[in-house]
Structure formats: structure tokens, C-alpha cells
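Contents: one structure, followed by commentary.
The values are calculated or read from the model by the stated rules, or taken from the named source; none is laboratory data. This one's a predicted model, so the numbers in the text were calculated from it and none came from an experiment. Here the Cβ is made from the backbone with ideal geometry for all residues, glycine too, and neighbour counts use every protein chain on show.
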Amino acid sequence: MQTKTSFLLCGIVLLIKIFAVYNTNFDLFGDEAQYWIWSKSPDLGYYSKPPLLAWLITFITLIFGDSFETLKLISVSMYVFTSIAVYLIFKQLYQDKKEAILAGLTFYLVPAVTVSSFLISTDILLIFFWSISLYFLLKIRKEPSIINFVLLGIFVGLSFLSKYAAVYFILSIIFILFVDPKLKKIFLEKFISVIIFLFSLSVVLLPNIIWNIQSGWVTLVHTSDNISLNSINVNLIRGLEFILIQALMLGPILFVYFFLTYKKIKLSFETKFLLTFCVPVLIIILIESILVRANANWAAVALISLFIFFFHHAYMLSKNIIKINMFVNFVFGVLFFGLIANTSSLNIFNRINGISSFSSYLEKTHMINKDILVVSDRLLFSNLKYIFKYTDIEMFSPHAPHTKITSQPHLSSPLLSTINKNFILIGHPGELNYLENKFSVLKIDSKKVVFKNTPIEIYEVVF
């Protein structure tokens, strides 16, 4: 009966997600619009991320078009597949089909999945391929065939092509070899199979590696800038915030119940395996959050193993906790997407509210006799590029030649120093000092908008 109810709750949430996507007046996040821009020029890599998400968007939009709804349903759909992957991992670990089904359904309702279902991000693919990689690593432990090693290499490679945080998977494999004698023996004895695994992984990664070499490793530069270890500022509060956010994203009921009953943990292979693929990630990101900063999603892959670990522990001790947890998460999912469907004015949605209104104002007020728009901010650039996709407006980003590249528009849409046509600028006039032809700048507007903390300053540049 509990499984049937769980299917019903997941089905209701899925329908509400689809309804919300088709009824909201929210816009894309800037990052989402950026991924769409990338998809219009398929490449082997991009400034801040590997290419797999852009390739997927290219494929989907070729079939279904570029609408907001099409793009958003990519995320909604991917978590259905990831929930199936959680079922496969659970069944492989614990050999209990009924519990595995319930785990997959429960995972679909956790707050992290609910929130992420509305976001087109590299995490949706990383989490999926990470999960499939976990499954095939478990398959290798049971049946160390060459095909399983090949598939492990392919799926770990696809994880890397989704997001470079897949490097944690390699780190966790090294750790698991120290704590599980059986896997260690397999990896030592099946030397040729391990070479084949590394070869298949390399084949998948090779195109992106070549792109990085040709592009001066800009992605690694961006990643190192994100880590920002050169600006250490120890703050324990940030670490506590990180832990609390992970607890909320995983589901507070499971989280609290686990820490009330952790003494009943059995240190089995299953426990060691799951902890190996979450604890190292969580520790690394926790340290990063304390030293510098860390976004909540940086540890997203850890939540797969952590969820399975918490769920099985709770399931063995109290079926009622599983029911309560699922109901609470169900209510959160309904409320969250209900707010989206109603285009809520809550501050948490500010960044995706009012962008279409601003673009309409900009087009009707300032772009009537202009066909060139220059935008400094990469997120606003991406949003406007998506919204103006069916217009004749050309868009560029100011970037002086031979200076550091700090965004994808600097690579793909730089404002050339030789430009001599008048344009509208959203940014700081000082960013245009590299232009070769003489020009004058006139501030023509200052627009207060919901999606930015400060008014948007609009200038006309005349040559």
C-alpha cells in the first residue's frame, strides 16, 4: 500500500511541476539562458563548463523548439531518470526490490530534487551519470566483466562532460579500494580491465581536453577563480550554513532521524561504500565553505549516496518515519511549484522575475532605431539574448583584446575594437576605453527592476 501511495504522490508532484512550467510568468535564470546560447553553437567545451548540457539542449530544441517550457521540462524529466538510477543502485546494494522502489520514489520528492527540477543546470546531468557510474561500479564488484569496466569508463566520462566535479568520483574510487578488499582485489587482478576502463574514460574526455588545450585552459582558470583559495577568510558560520542547507535539501526529517539513531549503524560493505561516495565530497566542500565560500549545489553528487544511506537506515528502524518524511517532502514540492505556477513575488524568485518586462521596455523604448545592444553583465546578456532570439538585434559584450577572459560572451560575442556603428550600452562606459574610433556616451535611462538590486543604467554610444 505504501508503494502505491508513493507512486501517487510522485505522480501528483510531476503533474504539478508540468502545470507550473506552463503557467508561470517567470523567466529563465541567466545561467539557463547562457546554456541555451551555447546550444546554438555546439562546441567541444565552453568557458565555465564542459559541453554535454549544451549538446542535450541542442538535440531537444531541434525536435521541440526553443520555448521556455521545452527547456524547463528537460530538468523535470531528468530527475525521473535519476530516480530510476537510485532504484537500481539500491537494488544492487540491498537486493530488496520493494525497498528499492520506495527509495527511488522517495528520492524524487526530496527538496533538492524539487528545487533542482525547475533549474536547467549541469548538475542534472552530473547527478544522473554519477548515479549510473555508481551502479556499474557495484556491478563490477559482483561481475567484473570487461563490458562493465567499459560502461563504467563511459559513464564516468559523461559525468566529466557534464561537470568537472565528477573528479570526486575518481577520488572516491581510490578511497573505496582502501576500505573494500573485494573491489581492491578486482582492480589489482583485472589490470587489463582497469586499463580498458581508463581508455574508455579517456576517449569520452579527449575532445573536451583538446578544446581546453586550444582555448588556453580557460575552464580551469575559471574553476580556480571559483575556489578562490587566494582570498581565504575563515568563517565557521558559513560552514554551519552549508551543513544546514544540505540537511534541508536532503529532507530535514531523514536528517534529524538519522542523527537521533546513528548509534545503530552497522558498518557493512554497503555502509562503507555509500559513505565513501559522499563523505569526501562533503568534507572538501565544507572546508571550502569555511575558508572561502561554497554554493549549496557544489556537493550535489554527495546527496545520492547520503540519501540512500539515510533512507535505508531509517527504513530498517521505522517505516513511519519514511511515511512522515515523504509526506513533508510532498507538501514542500506542491507548495514550491504552486508558488512558481502563481509567479510568486517572494524575494527568492526575484532573479527570474520581470526580465521579459524589462526586455520589452528596452526594445520599445531604446532599440527602435538601433540594432546593436552591448551588455556587460553575462547573466543579463544571456537573458536578453534568449528573449531577443527572434529579432534582428545583435548583441555583444565589451572585452578589450589581450585581457583576461571572464565569461563566455568574451569568447563568443566580443565587441570588436574597430566598431563604428552607434549602439545601446548596458554597463559601465569605462569598459569601452579600448575602442579605436572616437565616440561619445550619453546616459539615456535608469530603470529600476526586480531582478537586480541596483537600477539598470542605459547609455547611447554615438560615433
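The table below lists the values:
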read-out	value
Filter result for residue 71 (in a helix (DSSP H, G or I), touching an Asp or Glu at 6+ places or on another chain (Cβ under 8 Å) and closer than 30 Å to residue 345 by Cα)	yes
Members of region 442-463 found to be loosely packed, with under 14 Cβ neighbours inside 10 Å and in a strand (DSSP E or B), listed by number	442, 443, 444, 446, 462
Inter-residue pairs, beta-carbon under 8 Å, first under 20 Å from residue 336 (Cβ atoms) and in region 347-364, second of a type in the set (A, V, I, L, M) and part of a helix (DSSP H, G or I), 6+ apart	349/339; 349/340
Odd one out for residue 46 among (1) at pLDDT 95 or above; (2) surrounded by 22 or more Cβ atoms within 10 Å (Cβ to Cβ); (3) in a loop (DSSP other than H, G, I, E, B)	(1)
Residue that is farthest from residue 330 (Cα to Cα), among those in region 108-141 that are outside any helix (DSSP H, G or I), under 13 Å from the mean Cα position of the chain (by Cα) and of a type outside the set (S, T, N, Q)	120
Subset of region 249-266 that is farther than 14 Å from residue 302 by Cβ and surrounded by 15 or more Cβ atoms within 10 Å (Cβ to Cβ) - its residue that is farthest from the chain's Cα centre (by Cα)	261
Single residue of 329, 320 found to be in the same structural domain as residue 112 (by TED's automatic domain parsing), at pLDDT 95 or above and more than 17 Å from residue 27 (Cβ to Cβ)	329
Wholly enclosed helices (runs of 4 or more DSSP H) of region 172-291 bearing at least 3 residues charged (D, E, K, R), free of Cβ contacts under 8 Å to residues at least 60 places away in the same chain and out of contact with any strand residue (DSSP E or B) (no Cβ under 8 Å at 6 or more places or on another chain)	181-189
Condition check for residue 97: under 25 Å from residue 320 (Cα atoms), modelled with pLDDT of 95 or more and among the charged types (D, E, K, R)	no
Residues located in region 344-359, provided they are assigned to a helix (DSSP H, G or I) and under 14 Å from residue 387 (Cβ atoms)	352, 355, 356, 357, 358, 359
Exclusive hit being of a type in the set (S, T, N, Q) and touching a Phe, Trp or Tyr at 6+ places or on another chain (Cβ under 6 Å), set 417, 446, 440	417
Residue match in region 410-423 (condition: part of a helix (DSSP H, G or I), surrounded by fewer than 18 Cβ atoms within 10 Å (Cβ to Cβ), touching a residue at least 60 places away in the same chain (Cβ under 8 Å) and within 30 Å of the chain's Cα centre (by Cα))	yes
Search result, residues across region 395-406 that are surrounded by fewer than 18 Cβ atoms within 10 Å (Cβ to Cβ) and either modelled with pLDDT of 95 or more or small (Gly, Ala, Ser) (or both)	400
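Matching residues to (1) among the polar types (S, T, N, Q); (2) farther than 28 Å from residue 157 by Cα:
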residue	(1), (2)
5	yes, yes
31	no, no
39	yes, no
57	no, no
72	no, no
77	yes, no
89	no, no
